[in-house]
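Some notes on the structure that comes next.
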Amino acid sequence: MLEKLKYPIGKWEAPNNYSEELIHAWISDIESTPKSIEALVLALDESQLNWKYRPSGWSIRQVVHHMADSHMNAYIRHKLTMTEDCPTILPYNEKLWAEMPDVQHVAIKEGCLLLRLLHQRWSFYLSSLPYDSLSKSYLHPEKKRKINMYESIGMYSWHSRHHLAHIENAIKFAVT
């Protein structure tokens with residue numbers, strides 16, 4: 001049961017092939033996620049923003065701000081990948097970032113605005129890239145492997161849907 005709460009849409013699995021249609025669908029997921037999140041969270045009060053999707057999990061507030069933090073890093077990773085020769089990306093401690101004062105005190109509407117504007121620009125950027133350029137890669141030092149843009153776009157589509165499901169579950173189950 002805990003595994004289903006952690007991974008409500010399942011764990012990320014890279015497909016064997018990356019078609020242009022699949023890449024476009026993933027970019028569409030990235031583009032549409034902020035509106036879906038806003039529809040869920042903007043009417044919640046401060047107490048409800050502290051609901052969690054599982055015991056010992058993050059609150060709705062933390063999930064929204066985590067997505068902005070994570071996706072800012074992704075956007076930069078993607079731009080570095082397209083402008084450098086297999087750059088080594090900089091990992092960060094997601095758990096500690098989710099506990100920082102800005103996550104606790106910046107209004108949820110500001111987190112949603114950041115996410116919406118970031119995803120608008122990021123999805124435009126990704127859509128502008130020629131399909132064959134998506135074979136370019138970055139090196140992930142923690143995973144000790146190269147990740148190409150095809151896979152990275154898919155991972156962040158999954159990440160968007162994964163955390164959207166967390167927010168839906170937090171609202172549904174209201175774990176405090």
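Any read-out appearing in this document is the output of simple, stated calculations on the displayed coordinates, not a laboratory observation. Everything quoted here is computed from the prediction, not taken from an experiment. Positions of Cβ are backbone-derived with ideal geometry, glycine not excepted, and every protein chain shown enters the neighbour counts.
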With each label point set 7 Å from Cα along the Cα-Cβ vector, what nm distance links Lys6 and Met155? 1.8
Taking 0.36 nm per residue of sequence separation and subtracting the Cα-Cα distance, how much length would be gained by fully extending the chain between Leu117 and Leu96, in nm to one decimal? 5.1 nm
Ranked on Cβ counts within 10 Å of their own Cβ, fewest leading, Cys86, Cys112 go Cys86, Cys112
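Using the beta-carbon distance between Leu42 and Asp85 and R0 = 45 Å, what value does 1/(1 + (r/R0)^6) give for FRET efficiency, to the nearest 0.05?
That pair, Leu42 with Asp85, gives E of 0.60.
Taking the Cα centre as origin and putting +1 on Lys and Arg beta-carbons and -1 on Asp and Glu beta-carbons, what dipole magnitude results for the stretch 36-173, to the nearest 20 debye?
Working: 16 positive and 14 negative charges, 70 e Å.
That gives the stretch 36-173 a dipole magnitude of about 340 debye.
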Inter-label distance, nm, simple model (7 Å from Cα along the C-beta direction), Val106/Lys172: 2.9
With each run of n ≥ 4 DSSP H residues scored as -39500 (n - 2.57), what mean residue ellipticity at 222 nm is computed for the chain after dividing by its residue count and rounding to the nearest 500 deg cm²/dmol? -20000 deg cm²/dmol
Coarse-grained scattering of the stretch 36-173 at q = 0.10, 0.13, 0.17 Å⁻¹, given as base-10 log I(q)/I(0) from a Debye sum over alpha-carbon atoms: -0.36, -0.60, -0.94
Mean-square fluctuation check for the chain, GNM, Cα pairs under 10 Å: which of Glu110, Glu20, Glu142 is largest? Glu142
Using +1 at the C-beta of Lys and Arg and -1 at the C-beta of Asp and Glu, which of Tyr138, Ala98, Ala165 has the Cα lying farthest in the positive direction of the dipole of the stretch 36-173? Tyr138
